[in-house]
1. Quote the convex hull volume per residue of the stretch B:57-171, based on C-alpha atoms, as a whole number of Å³.
2. Report, as an integer, the average count of C-beta atoms from other chains found within 10 Å of each Cβ along A:77-87.
3. What is the extension gain from B:E202 to B:R18, computed as 0.36 nm multiplied by their sequence separation minus the C-alpha to C-alpha distance, in nm to one decimal?
4. What's the extension gain from B:N48 to B:V227 if we count 0.36 nm per residue and subtract their Cα-Cα distance?
5. How charged is the neighbourhood of A:N96? Take every other residue with its Cβ under 14 Å from the Cβ of A:N96, and add Lys/Arg as +1 and Asp/Glu as -1.
6. Counting DSSP beta bridges in the stretch B:57-171, what percent are antiparallel, to the nearest 5?
7. Can you list the copy-to-copy distances for A:A296, using a point 7 angstrom from Cα toward Cβ, in nanometres, shortest first?
8. Roughly what % of DSSP beta bridges within the protein assembly as shown run antiparallel, to the nearest 5?
Number of protein chains: 2
Amino acid sequence: MADTVLDPSAWTCPAPLREQGVVVMGHGGGGALSAELMEHLFAPAYGNDVLADLADSAAVELGGTRLALSTDSYVVRPLFFPGGCIGDLAVNGTVNDLAMSGARAAFLSCAFILEEGTELEVVGRIAQAIGAAARAAGVTVVTGDTKVVDSGHGDGVYVTTSGIGLIPRGVDIRPQRAAPGDVVLVSGPVGMHGIAILSVRESLEFGADVTSDTAPLGGLVSSMLEVAGDLHALRDPTRGGLATTLNEIAAAAGCGIVIDEHRVPVPEPVANACGFLGLDPLYVANEGRLVACVPAADAEAVLAAMRAHPCGTAATAIGACVADHPGGVLARSRFGGTRVVDLPVGEQLPRIC
Amino acid sequence: MADTVLDPSAWTCPAPLREQGVVVMGHGGGGALSAELMEHLFAPAYGNDVLADLADSAAVELGGTRLALSTDSYVVRPLFFPGGCIGDLAVNGTVNDLAMSGARAAFLSCAFILEEGTELEVVGRIAQAIGAAARAAGVTVVTGDTKVVDSGHGDGVYVTTSGIGLIPRGVDIRPQRAAPGDVVLVSGPVGMHGIAILSVRESLEFGADVTSDTAPLGGLVSSMLEVAGDLHALRDPTRGGLATTLNEIAAAAGCGIVIDEHRVPVPEPVANACGFLGLDPLYVANEGRLVACVPAADAEAVLAAMRAHPCGTAATAIGACVADHPGGVLARSRFGGTRVVDLPVGEQLPRIC
């Protein structure tokens with residue numbers, strides 16, 4: 001293996017990546033550049049089908065047990081922000097990725113890359129937030145790792161969480177399963193996490209405080225599964241926001257999606273901030289919301305179950321999956337106009353999670 | 001939660017950590033400073049018993065299946081070194097942590113933190129090495145994540161792998177189970193990984209080339225389990241080397257360990273390099289070796305099985321667990337003298353893995 005990896009000629013940059021040549025911030029944005037990296041660089045190198053699913057978590061079978069495995073690194077800046085910190089974000093993010101396959105997170109691992117010189121108090125507060133978030137989500141942190149890099153090669157604290165959880169018998173939730181006729185639900189107001197981060201990063205005031213929506217969604221998903229065993233697709237619209245998530249579902253399922261833009265719940269301070277900054281709230285990150293594609297017959301019951309749960313009180317139907325324009329997402333305005341909601345290339349706000 | 005984490009008074013630095021106040025390189029060295037961080041900062045914050053075991057991986061039960069979960073972040077510098085790169089290191093490291101509880105790694109996750117401006121060719125070669133190492137170890141990379149940090153806040157590529165594997169029925173391998181009377185085995189020559197890294201980092205020549213011993217140990221452990229169902233303790237002597245591993249086992253088991261120093265296999269170029277640099281080979285990192293504590297009755301059969309496996313051809317017995325000096329490790333010289341082999345405080349070589 002040494003010979004292969006030490007020989008620069010052993011890897012040829014695939015054509016779609018060649019233009020960049022180097023890593024750009026957008027490769028971490030969860031949009032088209034991230035997808036290119038996955039499709040042309042990682043997937044061919046690892047060479048397997050599970051990865052090609054590109055879901056938030058992988059469903060695997062081990063010892064006759066069906067479980068989900070998920071991982072995410074967190075590099076959010078700043079480490080503490082209104083509504084949370086990198087610690088609870090790292091717990092909730094992985095808990096939610098597991099929940100999006102119907103799995104209830106059971107065990108987490110937590111690996112730190114600390115920058116030399118970071119105050120131990122900062123690390124301590126983050127560790128406490130991890131513990132508190134884990135307890136709130138009903139998950140146990142069972143193993144971890146700590147590495148330290150020299151000053152100037154990190155940014156205080158990076159955290160990588162991984163998690164496993166049981167997928168209940170009979171549950172098969174994947175973006176691929178969204179189908180024409182499905183109703184598209186969103187569990188609450190969008191754009192709060194991204195705007196909360198931006199407000200502290202750029203020291204902006206938007207008239208009213210916006211706090212991150214970071215929250216664990218395992219309980220909400222369980223409530224939904226109780227009333228409708230056959231949820232088709234679930235996804236949490238994090239990096240790249242609602243627009244990216246809808247595009248990913250449409251692409252995976254090979255269907256189109258149409259949303260009524262005025263039905264998407266955007267809190268007024270988020271709308272104001274987006275207007276002021278020239279951002280589209282559909283592209284702003286969320287950390288405690290989910291999008292569900294549900295057979296029309298189940299939609300009302302699922303929506304009622306969501307609204308009865310603390311994480312879904314403002315749940316609402318925003319659109320539907322359609323047979324037209326497969327892979328594409330359209331937004332209808334209140335006045336009847338439509339616009340294409342594209343997959344973003346990079347990201348609006350780097351290091352949002 | 002926001003209130004708690006945003007309030008700096010909510011966390012008080014525990015006394016044993018107060019002297020440093022900030023993160024130092026040694027906190028990532030796997031020695032006493034790392035252990036302090038785990039004991040006084042992470043374990044109280046997470047608050048659970050599994051973590052307190054401090055094993056390389058956590059043994060958990062999920063849906064009636066006993067499995068091991070492990071994670072490690074890799075920040076090795078340089079990214080490519082004689083015998084491997086950060087990619088195969090990240091696969092083998094997590095595969096080996098699982099193997100140390102008797103589990104055969106089944107599925108891996110792989111999360112990248114890339115520094116803006118890193119050549120995609122470098123990322124591509126590392127991904128290929130990950131794929132090749134996974135195939136060699138019989139494990140599948142099923143999920144991943146990519147984050148990008150601004151230039152000057154990373155160091156090219158950091159990788160965090162997590163893995164799960166089945167623990168075979170009846171197998172209970174933990175450092176705590178080492179017991180007086182056990183024979184201590186090591187699977188091959190020590191110090192190679194650390195010296196290989198150092199040779200390229202400092203552009204040193206040691207007369208002969210030393211390559212990293214990075215290798216997956218799942219197959220070796222399976223061979224050992226075939227001849228002796230009741231291996232007591234297994235551990236791979238990575239950061240902090242053989243000395244740290246022996247100290248950890250002694251502390252966890254509450255027994256003493258005595259080794260015959262001249263029986264520890266140290267390749268001549270490693271010994272030369274250590275002499276030249278003033279390093280003790282017992283403290284230099286390995287990435288493809290294991291230490292086993294085995295009941296005396298099984299030791300010969302286990303040793304034979306190890307020697308019959310490509311990863312254990314040079315396996316040898318180096319000492320024994322004893323009832324004396326619980327928690328302490330002694331090394332006997334060829335001439336009858338003894339010395340205490342302490343747990344290192346920090347690390348000899350930062351960013352070795």
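Rule-based calculations on the coordinates, nothing more; no lab input. These numbers were taken from a predicted model, which means no experiment stands behind them. Cβ: placed from backbone, ideal geometry, glycine included. Neighbour counts: every protein chain shown.
1. Working: hull volume 11.5 nm³, N = 115.
Per-residue hull volume (Cα only) is 100 Å³.
2. Details: counts 3, 0, 1, 4, 3, 2, 4, 4, 5, 1, 3.
Counting other chains' Cβ atoms within 10 Å and averaging over A:77-87 gives 3.
3. Numbers: separation 184, 0.36 × 184 = 66.24 nm, distance 3.34 nm.
62.9 nm is the gain from fully extending B:E202 to B:R18.
4. Between B:N48 and B:V227, full extension yields an extra 61.0 nm.
5. On the way: positive: A:R104, A:R235, A:R239, A:R289; negative: A:D56, A:D72, A:D88, A:D97, A:D213, A:D236, A:E287, B:D145.
Here the charged neighbours net out to -4.
6. Values: 25 of 34 bridges.
Given both bridge residues lie in the stretch B:57-171, the antiparallel proportion sits at roughly 75 percent.
7. 7.9
8. Details: 88 of 114 bridges.
Here the antiparallel bridges make up roughly 75 percent for the protein assembly as shown.
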